[in-house]
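Below is one structure, written out as structure tokens; comments come after it.
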Amino acid sequence: MLTAVLDKQTLRNLLGKIFRKEKPRVYLGTLAVVPQRYDLSAFINNTINFQKSGLDEKLQEALEELFSLPLISERTSPRAGDLAMDVFVSEYQRGGVLDMHVVELPTPLFWRPKVTVAARLYDIDKNYTKYTCTVTK
């Protein structure tokens, strides 16, 4: 009976408006690089490169370029379901090579670069965490 009054397209539009789930907007919360701890690998990295690392600042700049989301502070018209993402680089090390001579034999020592990134996606209004992950590469 309802279809007799409304044509199919109008009915589809009406039902689409009722049952359509609006995609949430995603904002950038905190973006941080935890300062590198000073251990043996950091000492070797700095000694081999003959300079202060400066990798903290480079990683921070790379993250800011990679995550080009609007900041939470720029949120002007809040909607229910708005999400925010926090991203942290918790550990990192630069790769390198060291040529050691053990009893007149050259022995190369290699280590690969490593980065650990942790992220959290949460509802801004409820401060409810929807998803967390940690990746090491």
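The values are calculated or read from the model by the stated rules, or taken from the named source; none is laboratory data. Note that the structure is a prediction, hence the values are computed from the model and not measured. Neighbour counts are summed over all protein chains in view; Cβ atoms, including those assigned to glycine, are modelled from backbone coordinates with ideal geometry.
Pairs meeting the criteria (first residue in region 1-14 and modelled with pLDDT of 60 or more, second residue among the basic types (Lys, Arg), beta carbons under 7 Å, at least 6 apart or on different chains) are lacking. Of note, residue 113 does not satisfy the criterion of being surrounded by fewer than 15 Cβ atoms within 10 Å (Cβ to Cβ), of a type outside the set (Phe, Trp, Tyr), under 14 Å from residue 28 (Cβ atoms) and free of Cβ contacts under 8 Å to residues at least 60 places away in the same chain. Filter region 54-85 down to residues that are among the basic types (Lys, Arg) and in contact (Cβ under 8 Å) with a residue 12 or more places away in the chain and give me whichever is surrounded by the fewest Cβ atoms within 10 Å (Cβ to Cβ). My answer is 79.
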